[in-house]
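S.K.: Dropping a structure here in structure tokens format, bear with me for questions.
The values are calculated or read from the model by the stated rules, or taken from the named source; none is laboratory data. Keep in mind that what you see is a predicted model, and the values were worked out from it rather than measured. Here the Cβ positions follow ideal geometry from the backbone for every residue, glycine too, while neighbour counts run over all protein chains shown. For accessibility, only protein heavy atoms count, side chains too; no ligands or nucleic acids. Shrake-Rupley method; radii C 1.70, N 1.55, O 1.52, S 1.80 Å.
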Amino acid sequence: RELTRRTQPHRVSARPAHSRRRGTHTPSPPHRGRAFSWRLRASTAPRRLSPVQRREPSARSRADAFPPSHNHCPLAAAMSSSASRLMREERDVQNQTVPTIFAQPEETDIHHWRAMIVGPPGTPYCLGLFHFDMRFPQDYPNSAPKVHITTTSGGSVRFNPNLYATGKVCLSILGTWRAENSGEMWSAVQSVSSVLMSIQSLLHDAPYHNEPSFEKDDGSGDPQRYNHKILHETLRVGVCEVMEETLEARTISANGVCPAFAHTRRQLFNMYHERYLSECERLSDEASAKDGAAFKMMPFECSSNGMSGTFGWAKIKARLLKLHESLRAEIETWRRQGAEQTRLLRASHDASVNSCVHYLLQQEERIKREIPEGASIGADPANACVWTATLFGPPDSPWDGGMFTVEMVFPPDFPDAPPAVRFTTPLFHPQINGQGVPYLRCLVMWTYAEPKERTIATVMRQLVGLFAHDPSPEPATHINPAAAALHFSRSEEERKESKRRVKRCVQRSMDM
């Protein structure tokens with residue numbers, strides 16, 4: 001046997017020797033036309049070290065832990081380091097308690113990200129959906145990324161003195177703005193989250209004063225007029241145009257709308273729809289902002305980098321209502337498809353039934369073991385894609401004794417896409433709007449959740465939490481402003497009124 005081994009010719013593999021080591025991966029050069037995911041590169045485990053090497057991590061052993069292509073190429077090593085850092089930061093962005101910033105890298109390029117910021121409530125950017133393009137250098141985080149705002153209606157709207165119509169973002173930590181006596185500069189401690197939160201901090205209630213030399217109010221009334229037209233353009237561009245591009249799935253977007261946040265935008269619009277309409281109504285009677293009145297150009301604006309136009313609140317309101325009707329029609333389509341799929345299933349046409357229905361039937365058995373205390377749920381016998389849940393008010397809470405009904409309608413691509421959730425029992429709650437749509441974190445973050453969290457049980461736990469815990473003080477979750485104003489009021493009488501209205505909801509729920 002030994003003689004045979006020595007006399008047989010040595011077989012040579014077409015792959016390089018180092019690529020045959022366990023746990024390594026050698027990508028093809030870019031010019032060969034094969035897409036290479038940095039997720040794979042950075043997640044690849046190094047070769048296994050011996051116990052001695054683990055006890056004494058010398059410089060040589062640390063170098064051996066990476067693929068040989070990295071040992072003699074500082075640029076490749078830096079790229080791998082930046083990729084690992086960016087993947088950690090992707091997880092950090094997804095861990096927000098109340099998500100108002102969203103960011104995700106391109107599938108084939110970890111150094112190219114798309115981001116979306118929700119405008120802070122109580123500002124002229126109220127709940128607008130602003131999109132950004134982020135490109136990170138190969139030596140990140142040693143160097144700052146290049147960030148551009150893409151929600152500009154094709155380069156025609158400047159939303160802030162620091163956010164140009166051309167897309168430029170003026171921010172000291174990005175090196176695009178240098179203020180006197182400012183020590184804010186880029187450093188390796190900055191991150192994707194800190195950059196986006198810094199941009200979000202520019203979207204406050206007095207953006208007029210962001211412009212240098214305009215920090216003080218001169219009594220001209222311009223700061224208020226500036227706020228009026230920003231709110232108008234936030235609703236026209238940052239909500240209506242963005243959502244129209246989302247629903248039409250346009251391949252070319254004037255606002256940087258990308259498929260990555262499509263489910264998130266749909267959920268947020270359903271939750272915030274009434275807030276958008278109330279903001280529209282609030283300013284439509286302002287003397288300086290009536291329909292047909294022209295925007296006033298601010299001293300720091302110009303025709304190519306400003307915000308020109310006329311107020312048109314009635315048109316915006318009509319577009320908001322049409323968008324909402326389109327989303328409701330989409331949900332009704334899911335309902336009809338579910339009924340047809342259920343009919344096919346009963347007729348034993350299993351081959352024609354989509355995977356969503358089969359998945360829901362499996363979930364129906366599983367949910368009986370995972371359902372949280374104080375709730376029950378089941379599928380409609382005539383429609384496997386429509387489920388009804390009953391929630392019972394927790395003892396020793398303002399909702400004690402109540403019985404509240406929730407309807408869930410599941411899309412054909414569930415669990416990849418989230419369900420539409422709505423209370424059919426009228427409720428007075430800061431986190432449930434007038435049409436019964438609740439603010440649920442799991443629905444907003446559905447795309448980014450682990451597969452094991454994209455379940456009916458997760459939705460049920462958060463629904464039960466609406467009654468088991470005090471409402472969140474975060475303004476972004478207050479989709480019923482009237483209920484939030486009373487519940488969080490400093491006036492004791494108004495807080496008592498909030499409790500009385502909750503009690504009436506509980507009594508009506510028992511009579512239904």
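S.K.: Please label the shape of region 328-389 as rounded, prolate or oblate, based on the square roots a ≥ b ≥ c of the eigenvalues of the alpha-carbon gyration tensor (a/c under 1.5 means rounded; beyond that, a/b larger than b/c means prolate, else oblate). Please report the intermediate quantities before stating the final value.
M.R.: Values: a/c = 2.49, a/b = 1.44, b/c = 1.72.
Because a/c hits 1.5 or more and a/b fails to exceed b/c, region 328-389 counts as oblate.
S.K.: Leaving out same-chain residues fewer than 8 places away, which lysines sit with a Cα under 21 Å from that of residue 216?
M.R.: Output for residue 216: 229, 296.
S.K.: Next question, about the same structure. Go through 111, 469 and list them by solvent-accessible area, largest first, probe radius 1.4 Å.
M.R.: Greatest to least solvent exposure: 469, 111.
S.K.: With the Cα gyration tensor of region 95-202 giving a ≥ b ≥ c as the square roots of its eigenvalues, does the rule (a/c under 1.5 for rounded; else a/b larger than b/c for prolate; else oblate) give rounded, prolate or oblate?
M.R.: Rounded is the answer for region 95-202, as its axis ratio a/c remains below 1.5.
S.K.: Let me check I've understood the local charge: for residue 488, count other residues with C-beta under 12 angstrom from its C-beta, Lys and Arg +1, Asp and Glu -1. What total comes out?
M.R.: Numbers: positive: 490, 495; negative: 470, 474, 494.
Its environment carries a net charge of -1.
S.K.: Classify region 354-511: rounded, prolate or oblate, from the alpha-carbon gyration tensor (a ≥ b ≥ c, eigenvalue square roots; a/c under 1.5 rounded; otherwise prolate if a/b is larger than b/c)?
M.R.: prolate
S.K.: At a Förster radius of 60 Å, what calculated FRET efficiency corresponds to the Cβ-Cβ distance of residue 355 and residue 217, to the nearest 0.05?
M.R.: The value I calculate is 0.50.
S.K.: In addition: Which of the lysines could be linked to residue 452 by a straight reach, that is with a Cα gap under 26 Å, when you skip same-chain ones fewer than 8 residues away?
M.R.: 368
S.K.: Right, here's the next one. With the crude spin-label approximation of a point 7 Å out along Cα→Cβ, what separation in nm comes out for residue 252 versus residue 296?
M.R.: About 3.8 nm separates the two model spin labels.
S.K.: Taking the Cβ-Cβ separation of residue 142 and residue 197 as r and a Förster radius of 25 Å, what is the calculated FRET efficiency to the nearest 0.05?
M.R.: 0.75
S.K.: Can you list the GluC sites (Glu not before Pro) in region 303-373 that are in a DSSP coil and have 12 or fewer other beta carbons within 10 angstrom?
M.R.: Passing sites in region 303-373 are 373.
S.K.: Out of the trypsin sites (Lys or Arg not before Pro) in region 134-235, which ones are loop residues according to DSSP with at most 12 other C-beta atoms within 10 Å? Spell out each step's value before the answer.
M.R.: Working: sites: 135, 146, 158, 168, 178, 216, 225, 229; in loops: 158, 178, 216.
Sites meeting the loop and neighbour criteria: 178, 216.
S.K.: From Cα pairs below 8 angstrom and at least 6 apart in sequence, can you work out the relative contact order of region 354-511, rounded to a whole percent?
M.R.: Value for region 354-511: 23 percent.
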